[in-house]
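S.K.: Below is one structure. I have some questions about it.
The values are calculated or read from the model by the stated rules, or taken from the named source; none is laboratory data. Owing to the predicted nature of the structure, the values given are computational and were not obtained by experimental measurement. For neighbour counting, all protein chains shown are included, and Cβ atoms are generated from backbone atoms with ideal geometry for every residue, glycine included. Surface areas here come from the heavy atoms of the whole protein model, side chains and all, with no ligands, DNA or RNA. Shrake-Rupley method; radii C 1.70, N 1.55, O 1.52, S 1.80 Å.
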Amino acid sequence: MLRSTPVTTMLPVIDLERAAPEVGSPADADRDALLAGLRAPRAWIAPKFFYDALGSTLFDAITELDEYYLTRTERAILRAREREIAAASGCDGGTLIDLGAGNGEKAASLFAALRPREYVAVDISVDYMHHSLEVLQRRFPGIVMTDIGADIARPLVLPAHIGRTRRLFFYPGSSIGNFVPDQAQRFLAGLGAHVDDTGALLIGVDLVKDAATLQAAYDDPLGVTAAFNLNVLRRVNRIIGSDFVLADWRHVAFFDAAHSRIEMHLEARRAVCVRWASGERRFAAGERIHTENSYKYPLEAFAALLGRAGLEQHACWTDERQWFAVVLARRSGARRRSDCGEPTPDDGGAADQKR
Ligand code: AVI
């Protein structure tokens, strides 16, 4: 039977460095975080606020775009390498812990190869996840399933009944890129504390590539990413009662090579004054609100990040173009030696196909 634990904290993708300290209820913390960002000399909104119902739907639409290569490239690698991944993980028959699980379908695509005894889905969107897991549980009655409502960016508390050995943490999609590197290091170190020598972490990482490809992935001609970015202002209006007018703002995305990251901003089309109950903020024409970073790693830099987090790369699989990597990591000094696999021979083509 599917076991559930309640929501413990908030939302999936978060800029920890910038999050206001949580005082009082999660709703108070959200308001405080937004007001702190809007009052800052260089205004910002944490990317966790993207993901209301419409924002999540727009993100799903982004993953369908020709320009947004990340999702389908990762899917092609997982598909092509599932058996190698299962063998390299050594977590066959163990516990698969899916961080930001959503509907669980990405993890489920690995069930046949990994044959987990137990599947633990962690996500903030509890109702959506719970319903999806009920469906998955019917498809895979032999797997013990648990859903945990939690913000994966906060320290993870696993129920006592979750298996302690052969834990495979699964963190796909390159969401690790939405943390600044110091935060990513802390996050990875926190996961490392949950695995013993028999456990591992399987993580999707978007790699550095030419700026034009990156730019197009975050500024698509259909305007889906622009809508995703602008939608955050509707969410802000709901939470703090502000009067942002979406038509006054435009989506800006660019690759900052010095930081190896895509930055997304909202730029004022004209001088505007945004008001809320306890204050206001004037924006000059052209002034920006920073809404997201998405870091792109060279493979060696990601391996070094793992090292600083007390982990080591055990294996990695990439597509032919070396655009995306699926990395298997263990605690440093764990039983196996590191080794990086050859690029997937056939997924350059597969990466060009949708789904
Ligand atoms: C969720 N995350 C990995 C996405 C990314 O690519 O950084 C969020 C996103 N922002 C714009 N497009 C997609």
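S.K.: Which one is nearest to Pro26 (Cα to Cα), of the residues in segment 115-153 that are among the charged types (D, E, K, R) and surrounded by 18 or more Cβ atoms within 10 Å (Cβ to Cβ)?
M.R.: Within segment 115-153, the match that is nearest to Pro26 (Cα to Cα) is Asp151.
S.K.: Do we have any residue at all in segment 60-74 that's part of a helix (DSSP H, G or I), within 16 Å of the ligand (Cβ to nearest atom), open to solvent by 60 Å² or more (accessible area, probe 1.4 Å) and aromatic (Phe, Trp, Tyr)? Let's see the steps before the verdict.
M.R.: Taking segment 60-74 and keeping what is part of a helix (DSSP H, G or I), we get 60-62, 69-74.
Pick out the ones that are also within 16 Å of the ligand (Cβ to nearest atom) and you get 60-62, 69-74.
Add one more test, that the residue is open to solvent by 60 Å² or more (accessible area, probe 1.4 Å), and what stays is 60.
This time we only want the ones that are aromatic (Phe, Trp, Tyr), so: none.
No, segment 60-74 contains no residue that is part of a helix (DSSP H, G or I), within 16 Å of the ligand (Cβ to nearest atom), open to solvent by 60 Å² or more (accessible area, probe 1.4 Å) and aromatic (Phe, Trp, Tyr).
S.K.: Select from segment 285-337 the residues that are in a strand (DSSP E or B), of a type outside the set (A, V, I, L, M) and either within 16 Å of the ligand (Cβ to nearest atom) or open to solvent by 40 Å² or more (accessible area, probe 1.4 Å) (or both) and list them in ascending order.
M.R.: The first filter runs over segment 285-337 and keeps only residues in a strand (DSSP E or B), leaving 288-295, 297, 311-318, 324-331.
With of a type outside the set (A, V, I, L, M) added as a condition, the list becomes 288, 290-295, 297, 312-314, 316-318, 324, 330-331.
Within segment 285-337, Arg288, His290, Thr291, Glu292, Asn293, Ser294, Tyr295, Tyr297, Glu312, Phe324, Arg331 meet the criteria.
S.K.: A further question on this structure: Only strands (runs of 3 or more DSSP E) wholly contained in segment 88-196 count here; list those with 2 or more residues that are farther than 25 Å from Thr73 by Cβ. Quick ask: steps written out before the conclusion?
M.R.: Numbers: elements: 95-99, 118-123, 144-149, 167-171.
Correct list: 118-123, 144-149.
S.K.: Within segment 27-52, track down each residue that is within 13 Å of the ligand (Cβ to nearest atom) and open to solvent by 30 Å² or more (accessible area, probe 1.4 Å).
M.R.: Hit for segment 27-52 is Tyr51, nothing else.
Conditions (1) among the basic types (Lys, Arg); (2) in contact with a strand residue (DSSP E or B) (Cβ under 8 Å, 6 or more places away or on another chain), marked per residue:
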residue: Asn229; (1), (2): no, yes
residue: Met264; (1), (2): no, yes
residue: Glu267; (1), (2): no, yes
residue: Val272; (1), (2): no, yes
residue: Arg275; (1), (2): yes, no
residue: Ala301; (1), (2): no, no
residue: His314; (1), (2): no, yes
residue: Thr318; (1), (2): no, yes
residue: Phe324; (1), (2): no, yes
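S.K.: Would you confirm whether or not segment 227-247 contains a residue that is in contact with a Lys or Arg (Cβ under 9 Å, 6 or more places away or on another chain), touching a residue at least 24 places away in the same chain (Cβ under 8 Å), among the charged types (D, E, K, R) and surrounded by 15 or more Cβ atoms within 10 Å (Cβ to Cβ)?
M.R.: no
S.K.: Of (1) among the hydroxyl-bearing types (Ser, Thr, Tyr); (2) more than 27 Å from Asp319 (Cα to Cα); (3) in contact with a helix residue (DSSP H, G or I) (Cβ under 9 Å, 6 or more places away or on another chain), Thr165 satisfies all except one. Which?
M.R.: (3)
Yes/no matrix, rows are residues, columns are (1) of a type outside the set (S, T, N, Q); (2) modelled with pLDDT of 95 or more; (3) within 16 Å of the ligand (Cβ to nearest atom):
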residue	(1), (2), (3)
Asp151	yes, no, yes
Phe169	yes, yes, no
Gly177	yes, yes, yes
Thr198	no, yes, no
Leu201	yes, yes, no
